[in-house]
Protein chains: 2
Amino acid sequence: MIYRLFIKYLRKYYLRLKTSLKWILFSVLSGILIGLAGTAFYFCMNYASDLRGAFPWLIFLLPAGGLAIVGLYHLFQNQKDPGTNLVLSAVHSGDHIPIRMAPLIFASTVLTHLFGGSAGREGAALQIGGSLGNGIGRLFHFNEKEQKVLIMCGMSAAFSAVFGTPLAAAVFSMEVISVGIMHYSAILPCVISSLIAHQIASCFGAVGEHFIIQSIPDFALIPALKISLLAVLCAVISILFCVMLHGFSDLFRKLFQNGYVRILTGGFIVLALTLLIGSQDYNGTGIPFIEQCFSGTVPPYAFLLKMILTAVTLAAGYKGGEIVPSFFVGAAFGCFFGNVIGLSPSLCAAAGMGAVFCGVTNSPITSLLICFELFGFEGMPYYLLSIALSYVLSGYYGLYQSQKIIYSKYKNQYINRKTR
Amino acid sequence: MIYRLFIKYLRKYYLRLKTSLKWILFSVLSGILIGLAGTAFYFCMNYASDLRGAFPWLIFLLPAGGLAIVGLYHLFQNQKDPGTNLVLSAVHSGDHIPIRMAPLIFASTVLTHLFGGSAGREGAALQIGGSLGNGIGRLFHFNEKEQKVLIMCGMSAAFSAVFGTPLAAAVFSMEVISVGIMHYSAILPCVISSLIAHQIASCFGAVGEHFIIQSIPDFALIPALKISLLAVLCAVISILFCVMLHGFSDLFRKLFQNGYVRILTGGFIVLALTLLIGSQDYNGTGIPFIEQCFSGTVPPYAFLLKMILTAVTLAAGYKGGEIVPSFFVGAAFGCFFGNVIGLSPSLCAAAGMGAVFCGVTNSPITSLLICFELFGFEGMPYYLLSIALSYVLSGYYGLYQSQKIIYSKYKNQYINRKTR
């Protein structure tokens with residue numbers, strides 16, 4: 001009897017170990033391949049940004065660049081591109097991600113940044129990773145459930161290579177798809193591929209973002225109340241940003257049904273706004289401007305300008321992510337708020353980034369982890385408080401309309417609804 | 001039309017804001033009250049440990065102390081005390097936690113430590129917090145769903161005050177109850193009460209644990225492989241520890257149906273083992289020994305001795321938690337492993353603690369966060385890797401048999417089973 005039990009036991013463990021070994025093998029493979037793709041993307045993006053820095057007149061080619069992007073998607077018959085939404089719905093609903101998504105989003109995001117569209121790169125990284133992950137899954141005939149794990153694994157690898165935050169990258173793809181559910185069955189693949197992709201990117205000389213906070217007061221009632229007020233405002237800003245992104249997108253689609261006309265018009269609007277502003281601070285990812293938020297003052301309207309420029313850029317049909325723009329918005333508003341209310345502006349910029357990121361992605365754990373990776377661990381209680389408040393007060397809005405919120409934010413109840 | 005929409009919108013936000021304000025108010029209240037109770041518990045525990053340090057002969061009174069504990073539970077008619085299991089099942093199944101659980105576990109855990117039983121204090125903190133949280137909920141006539149949030153909020157507050165890790169405390173109660181589901185509806189109450197309880201404990205002079213890692217090599221293939229091997233072994237140790245805890249408990253219940261006889265026998269066994277070992281390193285929480293793991297070498301069998309002593313102590317009916325003992329086991333095995341394999345023993349002790357904690361609680365996010373709070377952020381990639389591996393390889397075993405694992409660890413699938 002005991003002998004048979006022992007054999008049964010061993011067999012079960014052998015099966016689990018086999019499953020785990022298979023996942024380790026494929027996450028190493030994904031980490032290497034997608035890490036390399038992510039690293040290439042990172043350097044192309046940097047090169048595009050540097051080129052525009054050296055030749056600011058490239059912004060005048062933005063409308064023409066837009067035509068090239070639409071042409072590219074037209075050529076590859078992917079006009080109705082749902083972007084990052086497809087990556088999310090592939091995991092919770094089993095949709096299929098075409099492999100052509102990876103090269104398309106790669107090239108079009110680089111074009112967008114080369115000519116000065118205002119957008120991020122993490123959304124693009126998620127698409128590259130998700131699409132390649134799904135491709136690996138199909139290539140090796142994985143079943144549908146396993147392909148989902150590979151999609152998450154790919155998302156983590158690409159995010160990690162591009163942004164240099166392996167911890168947040170590993171957790172983000174488990175957390176963001178269905179808020180309230182942690183897809184822990186993907187934990188080992190996501191962690192391994194994320195760590196490997198980060199190592200590869202580092203080997204090639206990619207440097208993760210890191211922002212230095214000038215001063216962090218001891219955690220006490222008054223600074224905590226100030227940070228709470230900031231978080232409440234950041235929650236409102238997150239809602240506004242989501243509404244603007246989706247609203248502009250709907251409006252542009254309604255007004256200009258032809259993709260070429262739409263991107264041409266949008267391109268001219270971004271160009272005109274840039275000329276009106278008189279600098280290219282708000283174009284591209286805007287990371288130099290985010291750095292400025294950690295060392296000095298910024299105009300009070302900076303966050304709003306970035307929101308408008310990003311909403312127009314993406315509504316027009318340019319490609320790129322929404323995550324770095326939300327960092328920009330949070331940092332710019334936080335820095336301004338800190339200067340007004342008399343609390344370390346760089347700490348407020350950091351807490352603002354965490355709060356807006358959480359507000360638009362509904363992913364509090366990732367928001368926390370990304371704060372630790374970007375700013376260090378010291379300001380932890382401030383990030384924790386601002387992220388919790390922003391999570392609760394930002395309602396059911398989100399960047400990705402295919403994201404699901406499984407449990408109510410306000411009571412212990414199953415709701416399973418999509419974000420707005 | 002737009003006016004009516006706007007009013008509807010405002011009303012909804014007013015309701016959500018009202019809900020949030022109510023939670024803020026009650027989490028401040030819980031944070032203060034339960035923070036005070038946790039602080040009192042912290043100091044009583046320290047006093048009991050110091051007293052035993054000064055008068056080592058107190059260990060001879062362990063069997064008598066056991067009788068007092070059983071007598072206490074008998075007096076308050078709580079003989080069939082399910083312990084921390086009840087706190088977990090109160091949240092996922094709506095069980096009722098009696099308010100008398102708080103003073104009973106408080107006194108009996110202090111007695112256990114005074115006389116040298118081997119146990120932790122976090123499980124006790126969870127019971128104190130959960131029971132007081134539920135009490136506050138009943139006092140103010142909260143409905144059942146809201147009471148669950150207050151239980152989690154209380155767990156966070158007490159854990160935070162007792163162990164000085166507000167971040168892990170806030171997340172633990174959301175994560176541990178139903179693995180795979182994050183009870184984010186409790187995020188704001190848990191965060192606020194945890195931060196407040198920690199502030200209160202600090203004001204009274206409580207000092208959170210912190211361990212210093214001597215050296216952390218750059219993250220690269222060889223040390224990553226060594227840490228992976230450690231994690232695999234720690235996963236096996238976690239399973240063994242859970243099997244021992246539950247097995248000894250079942251055995252003692254079967255052999256000694258009378259609670260007084262059971263605790264008397266167990267007390268004599270612990271006493272005999274302590275005399276055989278010749279030191280009291282393994283009695284109480286064993287935190288001085290954990291500190292030793294971070295600065296030198298430990299015997300290879302140390303982890304096993306702690307497992308046996310803890311399993312006997314708890315099976316006999318002494319009170320206390322299992323979390324600090326699992327830290328002890330992980331640190332002792334990690335330190336030994338590091339010395340054998342030639343990787344920073346203090347780093348291995350830290351990674352081992354994270355891995356064993358994750359293996360027995362099935363809570364990877366909390367395990368990560370507690371590593372950051374106890375050891376700092378620098379060794380992050382090692383903790384991430386060892387925790388992910390231990391999560392996957394530790395199977396469906398756990399400290400708390402009422403814990404639910406909602407999604408399979410091996411594939412993207414709903415399973416909703418209890419741990420073993």
Quick count over the stretch B:258-310, residues being open to solvent by 30 Å² or more (accessible area, probe 1.4 Å) and assigned to a loop (DSSP other than H, G, I, E, B), is 10
- Test A:L150 against the criterion of being open to solvent by less than 20 Å² (accessible area, probe 1.4 Å), within 21 Å of the chain's Cα centre (by Cα), farther than 13 Å from A:A186 by Cβ and not hydroxyl-bearing (S, T, Y), and give yes or no. no
Filtering the stretch B:11-42 for residues that are hydrophobic (A, V, I, L, M, F, W, C) and more than 14 Å from every other protein chain (Cβ to nearest Cβ) leaves a count of 7
Every listed condition ((1) in contact with a Lys or Arg (Cβ under 7 Å, 6 or more places away or on another chain); (2) more than 30 Å from B:R100 (Cα to Cα)) holds for B:F76 save (2)
Of the candidates B:Y400, B:Y414, B:Y407, the one satisfying the condition of being within 15 Å of B:S178 (Cα to Cα), at pLDDT below 95 and either in contact with a Cys (Cβ under 9 Å, 6 or more places away or on another chain) or open to solvent by less than 10 Å² (accessible area, probe 1.4 Å) (or both) is B:Y400
* Asked: Any residue at all in the stretch B:353-376 that is more than 14 Å from chain A (Cβ to nearest Cβ) and β-branched (V, I, T)?
  -> yes
B:Y397 passes all but one of the listed conditions (1) facing chain A (nearest Cβ under 9 Å); (2) among the aromatic types (F, W, Y); (3) more than 20 Å from B:L225 (Cβ to Cβ); the exception is number (1)
Result of the Cβ filter at 7 Å on the stretch A:194-220, keeping first residues that are under 23 Å from A:Y383 (Cβ atoms) and partners that are of a type in the set (D, E), at least 6 apart or interchain, is A:F211/A:E291; A:I216/A:E378
Among residues of the stretch A:169-192 being within 18 Å of B:Y391 (Cα to Cα) and more than 11 Å from every other protein chain (Cβ to nearest Cβ), the residue surrounded by the most Cβ atoms within 10 Å (Cβ to Cβ) is A:S173
Selection over the stretch B:206-260 where residues are over 27 Å from B:Q403 (Cα atoms) and of a type in the set (S, T, Y) yields a count of 2
Filtering the stretch A:201-218 down to residues that are closer than 30 Å to A:L17 by Cα and surrounded by fewer than 22 Cβ atoms within 10 Å (Cβ to Cβ) yields none
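The values are calculated or read from the model by the stated rules, or taken from the named source; none is laboratory data. All of these numbers come straight from a predicted model, not from anything done at the bench. Cβ coordinates were reconstructed from backbone atoms using ideal geometry, including for glycine residues, and neighbour counts include every protein chain displayed. Surface areas here come from the heavy atoms of the whole protein model, side chains and all, with no ligands, DNA or RNA. Shrake-Rupley method; radii C 1.70, N 1.55, O 1.52, S 1.80 Å.
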